[in-house]
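Here the structure is laid out as structure tokens; the discussion comes afterwards.
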Amino acid sequence: MITISRLFDDYDIAARAVGDLERAGIHNSDISIVASNADGWYDSDRIGHDRDRDGVDDRREGADAGAAIGGTMGGAAGLLAGLGMLAIPGLGPVVAAGWLVSMATVAIGGGVVGGIIGALTQAGVSEDDAHVYAEGVRRGGTLVTARVPEADAVRCEAILDRSAVDIRERAALYQRSGWRRFDPNALPYTADEVIRERETYRTRM
């Protein structure tokens with residue numbers, strides 16, 4: 001098994017990529033998602049949540065999609081049905097599910113600097129890329145990470161690359177503003193800062 005990770009500026013696009021991975025035969029236990037909640041799109045105190053505003057609880061949609069995959073996934077509900085809130089140093093509140101979240105939580109408890117960095121590097125992501133991924137989530141992005149058989153790596157990378165951020169370009173953009181590495185002690189981005197950050201990316205595109 002090898003680990004592939006991609007950063008997305010938009011949670012909804014990342015969620016669709018997760019669904020595509022599941023439909024391609026990657027078990028939901030081998031996929032993780034970590035999404036910024038700086039703009040408060042996910043409210044764990046409400047009954048349900050509906051980010052795409054189609055009138056249907058997104059978790060129900062995730063469960064239905066997972067169930068529809070049927071035999072390929074062993075009948076298990078999709079990953080997105082298990083979303084939950086937690087706090088990661090430097091990222092602030094995130095909405096997350098999957099194996100990487102468990103590793104990050106252990107890393108935090110074990111005193112590893114930046115639980116998400118420790119989790120990513122332990123999973124085989126280069127340290128440089130791990131810092132960019134973590135900073136991307138801090139600035140409002142969503143990280144999708146999957147463990148896949150080596151024979152499926154190219155196919156799964158192509159699925160994620162359809163709408164993922166170019167990590168090299170994003171790192172260069174961060175560095176031009178003076179950024180060097182993810183700082184778990186930095187203040188998380190506010191909702192207004194995230195909105196401005198996303199607008200910067202849209203303008204550049």
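A quick yes/no check of all residues on (1) of a type in the set (K, R); (2) within 14 Å of R6 (Cβ to Cβ):
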residue: D128; (1), (2): no, no
residue: A134; (1), (2): no, yes
residue: R138; (1), (2): yes, no
residue: C156; (1), (2): no, yes
residue: V165; (1), (2): no, yes
residue: F182; (1), (2): no, no
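Could you grab me the full set of residues in region 82-101 that are closer than 20 Å to Q122 by Cα and among the β-branched types (V, I, T)? Those that are closer than 20 Å to Q122 by Cα and among the β-branched types (V, I, T): I88, V101.
Selection within region 80-95: residues that are buried (at least 19 other Cβ atoms within 10 Å of the Cβ) and among the small types (G, A, S). The member of this set that is modelled with the lowest pLDDT is G90. The residue pairs whose first member lies in region 180-198 and is over 22 Å from R168 (Cα atoms), whose second member is exposed (fewer than 13 other Cβ atoms within 10 Å of the Cβ), and whose beta carbons are closer than 8 Å, counting only pairs six or more residues apart or on different chains, are A191/G40.
The values are calculated or read from the model by the stated rules, or taken from the named source; none is laboratory data. Quantities reported herein were computed from a predicted structural model and do not represent experimental measurements. Methodologically, a virtual Cβ is constructed for each residue, glycine included, from the backbone with ideal geometry; neighbour enumeration extends over all protein chains shown.
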